[in-house]
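The values are calculated or read from the model by the stated rules, or taken from the named source; none is laboratory data. Source: prediction; values computed, not measured. Positions of Cβ are generated from backbone atoms using ideal geometry, with glycine treated the same way; all protein chains shown enter the neighbour counts.
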Amino acid sequence: MADKIEVKVPDIGDFDEVEVIDVLVAEGDSVEAEDGLITLETDKAAMDVPAPQAGKVASLKVASGDKVSEGTVIAELEAADAGADAEPAAKDDAQEASETPAPSQSDEADDSSSESEEKKTPAGEKKEVEITVPDIGDFDEVELIDVLVSEGDEVEEEQGIVTLETDKAAMDVPAPHGGTIKSVKVTSGDKVSQGSVVAVMEALIGGESSAAETPADKKDEKAAASDKQSDEKAAPAPKAQSSDKPKAESKPDRGSLPAIDESGFAKAHASPSVRKFARELGADLVKIHGSGYKGRITHDDVKKWVKSQLRGASGGGGLPQVPDIDHSQFGDVERVALSRIKKISGPRLQASWVNAPHVTQHDDADITKMDAVRKALKSDAEAMGIKMTPLAFIMKACVHALREFPDFNSSLDPDGEHLVMKKYFHLGFAADTPNGLVVPVIRDVDEKSVFDVAGELGDLAKKARDGKLQQKHMQGACFTVSSLGGIGGTAFTPIVNAPEVAILGVSKAEMKPVWNGQDFEPRLTLPLSLSYDHRVIDGAAAARFTRYLADVLGECRNLVM
Ligand code: COA
């Protein structure tokens, strides 16, 4: 059996009570060693806390917005099976890695050389000080991705001098004191380690000079400094886009993305894993609107941006943008983060909506007989701890219709020229949970009785509501049923769960007067709404499918066993 190990926040330097800005995994997710689990952010650095080894996330102990410190348990990991003999050793190693903070440097090493010189310096005196890379944990030969200052720049204490980036963290090296930059010793792309000198400054040590300096003086000096910079080098901080951007930025070439604005990229509000992802895709973070916690750019934001660029580049014209409005100008507003499920399902729904031309076919099924059978089975089902709702019958009936119309049990091959026909009948059902919509999957519905299906429906719906669904519970569906019958409504247009090609929406069954040729008869009528991908399914086929389904439900044939 797999062992559980606690994953703790490692040595994060001098920081305490650091904010969790992103939780990158969910309970049940499988992770590889070194995959980021959460992202932390201080005002100096953003860093991922990685999985110490491969395994499954058994439980998460933190959420976005929590504050954590070194040693805080963030998750429990079920270590991947590594063979009976190897397991205990692997666990010990991993536990050590996750529970023991990375060896922290000595106090002396933490202090930059400037600190020791400061002690000997009389208050208020100017002193030449080397700015060195502080303790950056276990990293060595780290890439310097941005130089934020130039010679002659006036800097405040704690102002970023250079930005370093590993695949786990992006961090600024701050000025140890306020003062003037005398010389810069590095350039973008250099590799640096703890102790590397990045710049030399004339520091104002003791604080009197800065107190004596009036804001007006400072302003004047800054203006002068910025005039000086404008001659040769880019100004340290500006995020503003210059008007002479490379042409490729305003009009991307076919198949290529705009050039990255490196200085803006370094300052973008994104976690290291997102930065790495963006670099891999060639996405410029400067141009991406962050939808995450406190406006942070997420993986999905990067994906969406790249997709929109590619669509534009391939002549599709891209999606027209919805206006970005400051709603607070009209009244009080509150910005609330979307749930994790919504963040995941939203882009998928949108992808389906934009990629698959949707049409919805509506029909009614007379389920008077089916409902009588259901009611007759209800007490037997209850004795087995099963709630027998119409949905179990509907899913069984869908299998009959999918057998009769196999195109509905297919996916369009990405080449756009073939259908992948599925010979199995795994059916998804949309489940409403407090955190959003999920789609658990019942496998091999064709081989199961209506009792089995109803039992699994109940189990999976409970897991969904309790947030306990695992990836394996949501994979492999051929066709989905979305039932709003327990809530109400007469019809709706569900979005196909692409790459499936159709989805059945079910609304609330109502007793209706139906003309039998001589009289109006009261019949229990179930509204069906079948949305389909018109690239694969024709309207006539959809009408036949829905009619056939209605007939199967009406006759209630072969649905029970
Ligand atoms: N017509 C009339 N009554 C219906 C019905 C229908 N089509 N479907 C269900 N009911 C009744 C059930 O019999 C039950 O009644 P009872 O308690 O008297 O026996 C009641 O409505 C509640 O059923 P419910 O608990 O919802 O069970 P279910 O098996 O129908 O549905 C889920 C289970 C998980 C699918 C459902 O709870 C759910 O989450 N639905 C929302 C799906 C959704 O959000 N879809 C939208 C996607 S765009």
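Looking only at the range 527-552, count every residue that is touching a Pro at 6+ places or on another chain (Cβ under 9 Å) and of a type outside the set (S, T, Y) and tell me the total.
Adding up the residues that qualify gives 4.
When you go through L437, L402 one by one, which is the residue that is in contact (Cβ under 8 Å) with a residue 60 or more places away in the chain, within 20 Å of V496 (Cα to Cα) and more than 10 Å from the ligand (Cβ to nearest atom)?
Going through L437, L402 in turn, the sole match is L402.
Quick grid of which residues meet (1) more than 23 Å from A454 (Cα to Cα); (2) more than 16 Å from the ligand (Cβ to nearest atom); (3) free of Cβ contacts under 8 Å to residues at least 60 places away in the same chain; (4) surrounded by 15 or more Cβ atoms within 10 Å (Cβ to Cβ):
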residue: G476; (1), (2), (3), (4): no, yes, yes, no
residue: V481; (1), (2), (3), (4): no, no, no, yes
residue: G486; (1), (2), (3), (4): no, no, no, no
residue: T490; (1), (2), (3), (4): yes, no, yes, no
residue: N497; (1), (2), (3), (4): no, no, no, yes
residue: P527; (1), (2), (3), (4): no, no, no, yes
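Here are the criteria: (1) in contact with a strand residue (DSSP E or B) (Cβ under 7 Å, 6 or more places away or on another chain); (2) without any contact (Cβ under 8 Å) to a residue 40 or more places away in the chain; (3) away from the ligand (no atom under 16 Å from the Cβ); (4) not hydroxyl-bearing (S, T, Y). Tell me which single one P414 does not satisfy.
Among (1) in contact with a strand residue (DSSP E or B) (Cβ under 7 Å, 6 or more places away or on another chain); (2) without any contact (Cβ under 8 Å) to a residue 40 or more places away in the chain; (3) away from the ligand (no atom under 16 Å from the Cβ); (4) not hydroxyl-bearing (S, T, Y), P414 violates only (1).
Scanning for something within 18 Å of S345 (Cβ to Cβ) and either away from the ligand (no atom under 11 Å from the Cβ) or loosely packed, with under 15 Cβ neighbours inside 10 Å (or both), does the range 440-449 turn up at least one residue?
yes
Looking for something surrounded by 12 or more Cβ atoms within 10 Å (Cβ to Cβ), outside any loop (DSSP other than H, G, I, E, B) and within 16 Å of the ligand (Cβ to nearest atom) - is there at least one such residue anywhere in the range 318-340?
Among the residues of the range 318-340, not one is surrounded by 12 or more Cβ atoms within 10 Å (Cβ to Cβ), outside any loop (DSSP other than H, G, I, E, B) and within 16 Å of the ligand (Cβ to nearest atom), which makes the answer no.
Scan the range 375-392 and give yes if some residue there is surrounded by 20 or more Cβ atoms within 10 Å (Cβ to Cβ) and closer than 15 Å to A550 by Cβ, otherwise no.
The answer is yes; a qualifying residue exists.
Within the range 421-467, track down each residue that is touching a strand residue (DSSP E or B) at 6+ places or on another chain (Cβ under 6 Å) and either at positive phi or part of a strand (DSSP E or B) (or both).
M421, L427, G428, F429, A431, V438, V441, I442 - these are the residues of the range 421-467 that are touching a strand residue (DSSP E or B) at 6+ places or on another chain (Cβ under 6 Å) and either at positive phi or part of a strand (DSSP E or B) (or both).
How many residues are at pLDDT 80 or above and in a helix (DSSP H, G or I) if we restrict to the range 251-296?
Residues meeting the conditions: 11.
Checking the condition under 18 Å from the mean Cα position of the chain (by Cα) and assigned to a loop (DSSP other than H, G, I, E, B), which residue from A26, A33, A46 passes?
Exactly one residue qualifies, and that residue is A26.
Can you work out which of the residues in the range 499-525 that are within 16 Å of the ligand (Cβ to nearest atom) and among the polar types (S, T, N, Q) is surrounded by the fewest Cβ atoms within 10 Å (Cβ to Cβ)?
T525
If M388 passes every condition in (1) touching a Lys or Arg at 6+ places or on another chain (Cβ under 7 Å); (2) assigned to a helix (DSSP H, G or I); (3) within 14 Å of the ligand (Cβ to nearest atom); (4) of a type outside the set (F, W, Y) but one, which one does it miss?
Here M388 meets the rest and fails (2).
Within the bounds of the range 551-559, is there any residue that is closer than 14 Å to F405 by Cα and either of a type in the set (A, V, I, L, M) or buried (at least 21 other Cβ atoms within 10 Å of the Cβ) (or both)?
Checked against the condition, which is being closer than 14 Å to F405 by Cα and either of a type in the set (A, V, I, L, M) or buried (at least 21 other Cβ atoms within 10 Å of the Cβ) (or both), the range 551-559 yields at least one hit.
Identify the residue in the range 347-372 that is within 30 Å of the chain's Cα centre (by Cα) and part of a loop (DSSP other than H, G, I, E, B) and, among all such residues, is surrounded by the fewest Cβ atoms within 10 Å (Cβ to Cβ).
Restricting to residues being within 30 Å of the chain's Cα centre (by Cα) and part of a loop (DSSP other than H, G, I, E, B), the top hit is P357.
Going by the conditions given, is R547 closer than 24 Å to K396 by Cβ, basic (K, R) and in a strand (DSSP E or B)?
Judged against the criteria, R547 is not a match.
Let's see how each residue does on (1) assigned to a loop (DSSP other than H, G, I, E, B); (2) modelled with pLDDT of 70 or more; (3) of a type outside the set (D, E):
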site: E108; (1), (2), (3): no, no, no
site: A123; (1), (2), (3): yes, no, yes
site: K126; (1), (2), (3): no, yes, yes
site: G137; (1), (2), (3): yes, yes, yes
site: E143; (1), (2), (3): no, yes, no
site: V149; (1), (2), (3): yes, yes, yes
site: E157; (1), (2), (3): yes, yes, no
site: L164; (1), (2), (3): no, yes, yes
site: A170; (1), (2), (3): no, yes, yes
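On the basis of being farther than 17 Å from S482 by Cβ, within 12 Å of the ligand (Cβ to nearest atom) and touching a residue at least 24 places away in the same chain (Cβ under 8 Å), does M370 make the cut?
yes
Name every residue in the range 356-411 that is closer than 20 Å to E510 by Cβ and of a type in the set (V, I, T), in order of residue number.
T360, I367, T368, V373, T389, I394
Only one of I386, I344 is over 19 Å from A541 (Cβ atoms) and more than 21 Å from the chain's Cα centre (by Cα). Can you tell me which?
Selected residue: I386, the only one of I386, I344 that is over 19 Å from A541 (Cβ atoms) and more than 21 Å from the chain's Cα centre (by Cα).
Tally the residues that are assigned to a loop (DSSP other than H, G, I, E, B) and within 24 Å of the chain's Cα centre (by Cα), restricting the search to the range 468-479.
Residues that pass the stated criteria total 6.
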